[in-house]
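Taking it in order: structure first as C-alpha cells, then the write-up.
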C-alpha cells in the first residue's frame, strides 16, 4: 500500500510541476514587500542562506568548496521562534532545514554559490529532495539585498527555460537564521557509517563534486 501511494503521489507531483509555469509563487509575491535583513560582514566574510532538502547533505556540499570557511545547519523561513528539529519536522512551524554559508567573497562569489545550489539538487522537486518529503525540506534561496535577488531570479529563470520546467525553489527575503542543535553540525563528517549518510548524503555529495571539480578544495 505504501508503494502504491508513493507512486500515485509521484505522478501527481509530476503533473502539477508540468502544469505550472515559472511565475513567482503566491508566497514569493507576498514577501516582495518585506525588507530583507542584511547580515554584516565579519572579518571580510559574508553569509548566505539556502534550504535544499536535508541540511546534513547541503552542509557537506558547501563545505567542500574553495572559499567557504564553514557551513552551519539550522532553520529559517518560518513563523515561530526558536524552532527545533522536532518542531520543524511537524511541518507546522513553516521553517525549512537551512544552511548558513560563511564564505570569502574574494574567493567565491554569491553568484557561484547560486550555481552550486541549483547544480547540487533536483531543481524541480517540490517540498523535498530525494526521499525526504515535507515543507521542512522545501527549496528556498534567501536574499539579503536587491542585487542578490536579481542574481537569483535571473539564474532561476535561465534554468527554467533551459530545462523547460518550473523550478521549485522559493525566493524569499532573509529574516532570521536559527542555528540547529549541536548534534546536527558536521553530521556527515562525524557519522560516516550512518545508513542515511552512506546511501543519500555521500552519493549526493559525490554527484555534485563530479559536476564542479574546479570549485573543490584541495584534499590533503
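See the values below:
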item	result
Contour excess over end-to-end distance, with Cα ends at residue 145 and residue 193 and 0.36 nm allotted per residue	13.3 nm
Highest-fluctuation residue, 44, 134, 91 considered, GNM on the chain with Cα pairs under 10 Å	44
Relative contact order of the stretch 19-212, defined on C-alpha pairs under 8 angstrom at six or more residues apart (%)	31
Geometric extent, Cα atoms of the stretch 139-202 - Rg, Dmax (angstrom)	16.4, 42
Gain on full stretching of the segment that runs from residue 33 to residue 157 - 0.36 nm per residue minus C-alpha separation	42.6 nm
Cα-Cα pairs of the stretch 28-84 separated by more than 13 Å (percent)	71
Top of 206, 156, 166 by mean-square fluctuation, Gaussian network on the chain, Cα under 10 Å	206
Candidate values (1) 20.1, 63; (2) 16.8, 55; (3) 18.7, 55, label of the one derived for Rg and Dmax of the Cα atoms in Å	(2)
Length gained when the stretch residue 111-residue 212 is fully extended (0.36 nm per residue, less Cα-Cα span)	34.9 nm
Gyration tensor verdict on the stretch 33-159 (Cα atoms; rounded if a/c is under 1.5, prolate if a/b is larger than b/c, oblate otherwise)	rounded
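Where a number appears in this text, it was derived from the coordinates with a stated rule and is not lab data. Worth saying up front: this structure is predicted, and the values here are computed from it rather than measured.
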